[in-house]
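Structure first, commentary second.
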């Protein structure tokens, strides 16, 4: 089987740094490894979702995120860490990701973020999109919508309060962008999540 690795997820996990070893000596970019039990188990659960297609939209991204994390923390993950963190631009983008995760509810000025990580706005936009497949503004929007979804499904907030908490000034804009990302209006999406009893993660 072939499992694509999302650069945005790699960037987030490297930015968080939790349990991920630092870069060591350079390694070859191609290799064959044995799967360790935790990674093998995660891959098995991903395959198991083929028997439950209705669960794929909710659980699929979570299992893929776990697989990516398992790859990064295992010894063979040095290849992936080396590819993702090669060069100063990638390290600066990782700093930008950390800043966005800590301040996603605040207004974003690309010039300010670029200055914070020591890059020009155009260079930041280019390297950020290369590493995450999103622009900084798109990445911030995704963080906001994911947190709003968690606040509504997990903490019981209504759409207006959740939108305000994550930095939206316009509830209609929030509703449009939420539906575009999750495929349903906030109330309908959250009701479906709660009916299924699925946990909601940021």
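Bear in mind that the values in this text are calculations on the coordinates, not laboratory data. Everything quoted here is computed from the prediction, not taken from an experiment. Every residue, glycine as well, gets a Cβ built from its backbone with ideal geometry; the counts of neighbours run over all protein chains shown.
Numerical summary
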quantity	calculated
Highest-first arrangement of 167-173, 96-102, where packing means the average Cβ count within 10 Å	96-102, 167-173
Residues of the stretch 106-120 with amide N under 18 Å of the 7 Å Cα→Cβ point at residue 95	109-120
Hull shadow area, averaged, the stretch 138-196 [alpha-carbon convex hull, nm²]	3.5
FRET efficiency, 1/(1 + (r/R0)^6) with R0 22 Å, evaluated for residue 103 and residue 169 via beta carbons	0.85
